[in-house]
Amino acid sequence: MTDAAATPAPLAAYARLIRRRVAIVAGLGVVMVVALLFDIATGPSNLPVGEVIAGLLHPSTLSAPARVIIWEVRLPYALMAVLVGAALALAGAEMQTILNNPLASPFTLGVSSAASFGAALALVLGLAIPGLPAGWNLPALAFVFAFGSVLMLQALASLRGTGVETLVLFGIAMVFTFNALVALVQFVASQEALQQLVFWSMGSLARATWEKLAGLAFVLALTAPFSLAASWKMTALRLGEDRARSFGIAVARLRFLSLLRVSLLAATSVAFVGTIGFIGLVAPHIARLLVGEDHRFFLPASLLCGAAIMSLASVASKILVPGTLLPVGIVTALIGVPFFIALIFSRRERL
Amino acid sequence: MARTLHVEKLHVGYGRRTVIESLDLPAIAGGEVTALVGPNAAGKTTLLRALAGLNPARGSVRLDDIELTALSIAGHARHVTYMPQALPQRVALTVFEATLSALMSAREDILPAAEARAKALATLERLGIADLAMRGLDELSGGQRQLASLAQSIVREPAVLLLDEPTSALDIHHQIRVMQFVEELARERGIIVIIVLHDIAQAARFARRIVVLQNGRIAADGAPEVAVTPPMLAQVYKVEARVERCSRGMLQIMVDRPLES
Ligand SMILES: Nc1ncnc2c1ncn2[C@@H]1O[C@H](COP(=O)(O)OP(=O)(O)OP(=O)(O)O)[C@@H](O)[C@H]1O
Ligand SMILES: [Mg+2]
């Protein structure tokens, strides 16, 4: 190669690194698509895979029951898994960066707990937002509380002299507060309402509808480009707040806008499928191990990791106990943890 | 073209607590190194951060005829770069990426990618750490990390370079090397360099001007032989010390014993 001689070694090494990362992100995309197809092809009704694929490409060739199974059940569930995984992972990745804390995620900082409280109010106390169709009342209330919890973090962040540690502590305090409030509501709940609430908080894809899918897809499409546009700034923020500000980055503004995106992503996801605890925390860690913290790669890799894990969890939720659809919130951790631990150990050997 | 920085009636504090009160630093010249020394908690970091626009301050900081205190963070960053005393922990970025992010993160100076990469590499080469380019920041030694941090500041080619104890973790070879490099940089580009040091002999060797800060006030200011004297050392540092010239004419400070205050 003639131009390799002309390129200084570190620049060539950097170019190789970039190519490798592009390949990893593309690979994650492939894993996600395969997981998605696998998810669509799996289910209790034992449709042959060929028929499922044919049915996706040419819906008119399907029998009526198969059409309902594929288009009204499997496809929306599977797409919801991908979108929720993507949204929660992106939210977690942004939170970990802007709060400079590897334990930050929508779940650990109270967003899910707040949503549960909203759901509890709807299910147990029958609180209703006037003018909403019946099916939307619970997600709407969950959304309002989840969004509100991040806005409270936001308000605290805008007070002068609030460090990121304070924000994280405040988030953890919110987890405890909302959990206590949920317990309080549970205490007065009827047997039936209690059961519904417990089931809701396990997180289930069975709540997916095409409208909700459209809603979540819209939120992702709205926020992800802004996340990516801020990726160099977030990369620089990893070098420290003073450092980033001295590069000319308005850190408070970056944090404000990022938390706004996080609140939309997390609140919409949690409102539609319930509590999914694990993805937002661990998908960014997996992405970090794979591509480092150049956010041009870290953010997409987190998003794709989240989508893929969630999709695989959805598959597992169907096949772990044959004939039963387990709540996916239970399964995500069971699927993700071994994967995560394997990655940590494989990485350690390399060092 | 050498530039000049003027600081007038600067007040800096944290909340209700004032650290620096009505501080004047006339005509800090470009093209040479100015050292800022003083005991712990004298306010050196506070002053530097205020000059960089990172701490709210009242008063005037002028670069030639640009009033810096009137500028936003982004505006400041066009002229001034501050290298923090503390280094980041647990960051999964390589030395090269971190240097590159210093160039790419602020919208105003987005360069063509190839040019930014070449510039980042040139900076690492001048600091003698090009071989660390692909190493992760979190797998470096303390001194290597400090050099990487210095690279992130220098690569931005600011008119005012503020360095907060950039050599505190370095061995004697790298200390001298960094000081020489910083002095060269000041001369070549005519930029203003203010560097916080605890090693006064080092400051005297490389700086044309030494500013001694004590409790947020200027205790001495001038050429090394004017600013660094036994009475100053006794008053500011509470030590009994001799200031002598070695056979090559460099100032040496010999500390005999601490004084009771
Ligand atoms: N964030 C802060 N909040 C309140 N007071 C502070 C803060 N940072 C520094 N101070 C106080 O301001 C004074 C000056 O501190 P500064 O960090 O500027 O000292 P310094 O000269 O850089 O010291 P050192 O040589 O130890 O780095 C000290 O009394 C310190 O307690
Ligand atoms: Mg200091």
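The values are calculated or read from the model by the stated rules, or taken from the named source; none is laboratory data. Bear in mind the structure is a predicted one, so any value in this text is a computation, not a measurement. Cβ sites come from the backbone with ideal geometry, for glycine too, and all protein chains shown count toward neighbours. Remember, those area values only see protein heavy atoms, side chains included, never the ligands or the DNA or RNA. Shrake-Rupley method; radii C 1.70, N 1.55, O 1.52, S 1.80 Å.
Meeting the requirement of 2 or more residues that are within 16 Å of ligand 2 (Cβ to nearest atom), the strands (runs of 3 or more DSSP E) wholly within the stretch B:1-96 are B:4-14, B:17-29, B:33-37, B:80-83.
Yes/no matrix, rows are residues, columns are (1) of a type outside the set (S, T, Y); (2) in contact (Cβ under 8 Å) with a residue 40 or more places away in the chain; (3) away from ligand 2 (no atom under 16 Å from the Cβ); (4) in contact with a Cys (Cβ under 6 Å, 6 or more places away or on another chain):
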{"site": "B:R187", "(1), (2), (3), (4)": "yes, yes, yes, no"}
{"site": "B:N215", "(1), (2), (3), (4)": "yes, yes, no, no"}
{"site": "B:D221", "(1), (2), (3), (4)": "yes, yes, yes, no"}
{"site": "B:A227", "(1), (2), (3), (4)": "yes, no, yes, no"}
{"site": "B:P231", "(1), (2), (3), (4)": "yes, no, yes, no"}
{"site": "B:Q235", "(1), (2), (3), (4)": "yes, no, yes, no"}
{"site": "B:V243", "(1), (2), (3), (4)": "yes, no, yes, no"}
{"site": "B:S247", "(1), (2), (3), (4)": "no, no, yes, no"}
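Among the residues of the stretch B:99-110, some residue qualifies, meaning at least one is among the acidic types (D, E), open to solvent by 10 Å² or more (accessible area, probe 1.4 Å) and within 14 Å of chain A (Cβ to nearest Cβ). Before we move on, is B:A116 within 8 Å of chain A (Cβ to nearest Cβ) and more than 16 Å from ligand 1 (Cβ to nearest atom)? For B:A116, the condition - within 8 Å of chain A (Cβ to nearest Cβ) and more than 16 Å from ligand 1 (Cβ to nearest atom) - is not met.
Applying the set (1) part of a helix (DSSP H, G or I); (2) more than 16 Å from ligand 1 (Cβ to nearest atom); (3) within 20 Å of A:D294 (Cα to Cα) to B:R156 leaves exactly one unmet item: (1). Among the residues of the stretch A:152-176, the ones that are of a type in the set (S, T, N, Q) and either in contact (Cβ under 8 Å) with a residue 40 or more places away in the chain or open to solvent by less than 30 Å² (accessible area, probe 1.4 Å) (or both) come to 2 in all. The residue of the stretch B:159-197 that is nearest to the other protein chains (Cβ to nearest Cβ), among those that are in a strand (DSSP E or B) and either surrounded by fewer than 24 Cβ atoms within 10 Å (Cβ to Cβ) or among the charged types (D, E, K, R) (or both), is B:D164.
The selection criterion, being under 28 Å from B:R17 (Cα atoms) and within 14 Å of the chain's Cα centre (by Cα), does not hold for B:Q152. Pairing residues of the stretch A:250-265 that are under 18 Å from B:G53 (Cβ atoms) with residues that are open to solvent by 20 Å² or more (accessible area, probe 1.4 Å) and not in a helix (DSSP H, G or I), at Cβ distances under 8 Å and at least 6 apart in sequence or on separate chains, gives A:A250/B:S72. Annotation for the stretch A:58-77: at least one member residue is loosely packed, with under 15 Cβ neighbours inside 10 Å and not in a helix (DSSP H, G or I).
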